[in-house]
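Undergrad: My structure is below; once you've seen it, I'll send some questions.
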Amino acid sequence: MDAGRISEHAFLADGRTAALVDRAGAVNWWCPARFDGPSVFGRLLDGAAGHWSIRPEGDFTSERSYLDDTLVLRTVFTTRTGTVAVTDALALEAGARGHEIGLRSPRVLARVVEGLTGEVPVRVDYRPRFEYGRVRAYLTETDGVIGATAGASRLELRANAPMTCGDGTASGRFTARAGTVHHFTLGYAPTYDGGEPALPDADQVVADTVAGWRSWAGLHDYRGLYRDQVRRSALVVQGMTYQPSGAVVAAATTSLPEELGGDRNYDYRYVWVRDFSLTLQALWLAACPDEANRQFAWVARAMGRIGDEPVPIMYGVEGERDLTEHRLDHLAGYADSRPVLVGNDAWRQRQTDVLGEILDAAWLMRYYLDPMAPEVRQLLHALADQAVLDWRRPDAGMWEARDAERHYVSSKVQCWTALDRAIRFGTRIGDAADVARWAAARDEVREAVLTRGWNDRVGAYTGAFDSDELDASVLIMPLVGFLPADEPRMRATMDIVERRLSRDGLLRRWDGDPASFVICSFWLVGCLADAGELDRARRLFEQLTTRANDLGLYAEQIDEATGEQLGNFPQAFSHIGLINAAGRITAATERAGGRAEREAVPTGTATTAGKRE
């Protein structure tokens, strides 16, 4: 049996990795070593690649929610004979609180089953498959602990319910009665590091993990509009953070398709510099300045000394540069969408927009960079110098085109951003001659964008110089301060992009994009707010909040016709877009003389019915 739809999954995180759990109580994705490590549960990509389900036998319905201000999931199953709840948590280190959570997580997945009413027969199906489903381990039971070792990975499962080991599978059945509690703790450890997998008490894991997430949330008191949505998205971004380094991955998964049956199936478990400035803005708006500081420190260390070569556009979570892509041909792919990929060859690309991303982030953090460390000064100076040269060159663009390099307008705009922020820093990062050189280049970039980026026939700024093709990436122009949102040509561009590329509030990147791209719709919200069109901005924002799943989670894309979420999940970029859009609506409301009262758009609790195998 394959995993359910992408949007049916919940997201668990522990500061090192993530797990995805569906509404039927199945863990269909977990890479326990770290975000980009091999999976032990990979049913999301192939029915035979491993899962761990705990669910009622027979027919049931389910309702679920996160415990308040946490990434701990509670699912309540209702059957004709009673109700039972399953609480799932990826363990934080015992006692870790505030900014310490996730630094030393024990790599433990805990599941607690509580009988609520009546009697419910429950089935457990545990099928670990190592190395993305390549390896089926021998399962052995010793003193009530089921061990599984294959190659470099070792799992141990402790349960207070009867389990029987078979051929690479352990299964069990029990009856959950009102007031009964059954505990399951699954621990991971590398095979040869000398340590045993941790197997703490599942109740204690849940209690400690709840307390840890709530202590973190308590430090971040966002006071703007759409408070509930912003706080949930901030938790998701924090959950996507590899805490030992402070790096935020783009998504928890690999190879979930942009189009069902298509081949645009990439590995997003890495860190994109493209997302960097927007991530910092989101963390700042969500009242997370400590996390923003860690993000900037991480990118400065990862980049090292910049020379004449293109600036790396992405990294592994500990700063690795070589992310060479390869196929997992033994996996069928989500909904038969191949190839399934590990690694991402976009690491080889030139994307000149990253220059603006880093300098914009530095400007945002400027007070925290004073006094400026010599290596930071050298980095920012080198990036500004590179923008002087690279703005004239074609690149792969922010959408990482793999066919040919072009003169993308958004890349030129971000080179302008890099130079503009360097000029603002002034002699903090260069001498007077440097600043004059950067200023001259900035003016050249601006003139080129205003003339070659504008297309009279289309009546808009288009995706590339001298092109007739629209591209939603030009919506960043007012967001970085290149043009005011209410400037006539910019306003015309917003109208045409919305009219031609959107449907029911969902905005595609270009004509022919297989589905809408969530952050583009949030960019449009921000542009409308900046243009003073607050009613439209708020209507669109609130419409977009209904497109999240029942837990408030977004994938990368949404099919306009079906509403189906597509692409890797959850997608940090989508949640970052929500936070930044809420911040722009809040700021515009205050500029208009209004008061940014706390408010939230309610999200419904979806109910599913079915008989699960």
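Undergrad: If you stretched the chain out fully between ARG348 and ARG424, how much longer would it get, using 0.36 nm times the residue separation minus the C-alpha to C-alpha distance?
TA: The span from ARG348 to ARG424 would gain 24.3 nm if fully extended.
Undergrad: Another question about this same structure. Name the residue farthest towards the positive end of the dipole of the range 325-471 from the options ALA439, GLY453, VAL354, assuming +1 on Cβ of Lys and Arg, -1 on Cβ of Asp and Glu, about the Cα centre.
TA: Result: ALA439, furthest along the dipole toward the positive end.
Undergrad: Here is a further query. Quick check: the angle from helix 202-218's long axis to the longest principal axis of the chain, C-alpha only, nearest 10 degrees?
TA: Its long axis makes an angle of about 20 degrees.
Undergrad: Could you bin all the Cα-Cα distances of the range 268-322 into 10 Å bins starting at 0 and give me the percent of pairs in each, rounded to whole numbers?
TA: Result, from short to long distances: 23, 52, 22, 3 percent.
Undergrad: Follow-up. Convex hull over the Cα atoms of the range 1-88, averaged projected area in nm²?
TA: 5.9 nm²
Undergrad: Let me ask something else. Based on the alpha carbon coordinates of the range 209-347, what radius of gyration and maximum Cα-Cα distance (Dmax) apply, in Å?
TA: Computed over the Cα atoms of the range 209-347, radius of gyration and Dmax are 17.0, 49 Å.
Undergrad: ASP456 to ASP511: FRET efficiency via 1/(1 + (r/R0)^6), r the Cβ-Cβ distance, R0 22 Å, to the nearest 0.05?
TA: 0.70
Undergrad: While we're here: Between GLU100 and ASP322, what's the calculated FRET efficiency when r is the beta-carbon distance and R0 is 45 Å? Round to 0.05.
TA: Once the sixth-power term is evaluated, E becomes 0.90.
Undergrad: Give me the distance between the Cα centres of the range 140-194 and the range 1-31, rounded to whole Å.
TA: Distance between centres, Cα-based: 18 Å.
Undergrad: Also, quick follow-up: For GLN204 and HIS330 in the same chain, what is the full-extension length gain: residue separation times 0.36 nm, less their Cα-Cα distance, in nm?
TA: 41.5 nm
Undergrad: When a/c is below 1.5 the answer is rounded, else prolate if a/b is larger than b/c, else oblate, so apply that to the range 378-445 with a ≥ b ≥ c taken from the square roots of the Cα gyration tensor eigenvalues.
TA: prolate
Undergrad: Given a 1.4 Å probe and every protein chain left where it sits, what share in percent of the accessible area of the chain is carbon and sulfur?
TA: Working: 10320 of 21910 Å².
Whole-percent figure for carbon plus sulfur exposure: 47.
Undergrad: Continuing with this model, one more query. For the range 149-221, treating each Cα as an identical point scatterer without solvent, what Debye log10 I(q)/I(0) comes out at q = 0.26, 0.28 1/Å?
TA: So the normalised log intensities are -1.16, -1.21.
Undergrad: Further question: Report the rotationally averaged projected area of the chain based on its alpha-carbon convex hull, in square nanometres.
TA: 26.4 nm²
Undergrad: Please work out whether the range 406-456 counts as rounded, prolate or oblate from its C-alpha gyration tensor, where a ≥ b ≥ c are the square roots of the eigenvalues and a/c under 1.5 means rounded, while otherwise a/b larger than b/c means prolate and anything else oblate?
TA: Numbers: a/c = 3.51, a/b = 2.43, b/c = 1.44.
Prolate, since a/c reaches 1.5 and a/b exceeds b/c.
Undergrad: Multiply the residue gap between VAL181 and THR546 by 0.36 nm, knock off their C-alpha separation, and tell me the result in nm, one decimal place.
TA: Length difference between fully extended and current span is 127.9 nm.
Undergrad: Another question about this same structure. Go through the range 275-384 and name the trypsin sites (Lys or Arg not before Pro) that are in a DSSP coil and have 14 or fewer other Cβ atoms within 10 Å of their Cβ. Could you put the intermediate results ahead of the total?
TA: On the way: sites: ARG294, ARG301, ARG305, ARG321, ARG327, ARG348, ARG350, ARG366, ARG377; in loops: ARG305, ARG321, ARG350.
Hits after loop and neighbour filter: ARG305, ARG321.
Undergrad: OK, next. Put ARG97, ARG232, ARG123, ARG129 in order of accessible area, largest first, 1.4 Å probe: what do you get?
TA: My answer, sorted largest first, is ARG97, ARG123, ARG232, ARG129.
Undergrad: For a Förster distance of 56 Å, can you work out the FRET efficiency between the beta-carbons of ASP535 and ASP403, rounded to the nearest 0.05?
TA: Result of the calculation: an efficiency of 0.90.
Undergrad: Another one. Could you tell me how many degrees, from 0 to 90 and to the nearest 10, lie between the Cα long axis of helix 409-425 and the main elongation axis, the longest principal axis, of the Cα atoms of the chain?
TA: 80 degrees
Undergrad: Among GLY224, GLN204, SER153, whose Cα sits farthest toward the positive end of the charge dipole of the range 129-242 (+1 at Cβ of Lys/Arg, -1 at Cβ of Asp/Glu, about the Cα centre)?
TA: About the Cα centre, the residue reaching furthest to the positive side is GLY224.
Undergrad: Sort CYS165, CYS415 from largest to smallest accessible area, using a 1.4 Å probe on the heavy atoms of the protein chains.
TA: CYS165, CYS415
Undergrad: Right, another one. Please sort 265-271, 426-432 by packing, taking for each peptide the average over its residues of neighbouring beta carbons within 10 angstrom, highest first. List each step's numbers first, then the result.
TA: Details: 265-271: 25.3, 426-432: 14.9.
Descending mean neighbour count gives 265-271, 426-432.
Undergrad: When the helix-only estimate is applied to the chain (DSSP H runs of n ≥ 4, each -39,500 (n - 2.57), divided by the residue count), what is the mean residue ellipticity at 222 nm, nearest 500 deg cm²/dmol?
TA: Helix contribution divided over all residues of the chain: -10000 deg cm²/dmol.
Undergrad: Can you tell me what the convex hull of the Cα atoms of the range 454-593 projects to on average, as an area in nm²?
TA: Seen from a random direction, the Cα hull of the range 454-593 projects 8.2 nm² on average.
Undergrad: When a/c reaches 1.5 or more, the comparison of a/b and b/c decides; with that in mind, is the range 507-561 rounded, prolate or oblate per its Cα gyration tensor?
TA: oblate
Undergrad: Would you mind checking which residues have amide H under 5 Å from ASN568's amide H? H placed 1.01 Å from N; only 5 or more apart, or other chain.
TA: Here LEU256, GLU556 satisfy the definition.
Undergrad: Still on this structure, I have one more. Averaged per residue, what accessible area in Å² does the chain show with a 1.4 Å probe, protein chains only? Before the final figure, lay out the partial values.
TA: Numbers: 21910 Å² over 613 residues.
Averaged over the residues of the chain, the accessible area is 36 Å².
Undergrad: Any chance you could tell me what percent of the C-alpha pair distances in the range 308-421 go past 22 Å?
TA: Numbers: 2850 of 6441 pairs.
Percentage above 22 Å: 44.
Undergrad: Could you pull out which residues in the range 116-147 have an amide N less than 17 Å from a spot 7 Å beyond the Cα of CYS165, following the Cα-Cβ vector?
TA: Under cut-off, by backbone N: 125-130, 136-147.
Undergrad: Let me ask something additional. What translational D, rounded to a whole number of µm²/s, comes out for the range 411-492 from Stokes-Einstein when the hydrodynamic radius is the Kirkwood one over Cα pairs, at 20 °C and 1.002 mPa s?
TA: Here the translational diffusion coefficient equals 160 µm²/s.
The values are calculated or read from the model by the stated rules, or taken from the named source; none is laboratory data. Just so it is clear, the model here is predicted, and its values are computed rather than measured. Using ideal geometry, Cβ is built from the backbone for each residue, glycine included, and neighbour counts are taken over all protein chains shown. Surface accessibility is based on the protein's heavy atoms, side chains included, excluding ligands, DNA and RNA. Shrake-Rupley method; radii C 1.70, N 1.55, O 1.52, S 1.80 Å.
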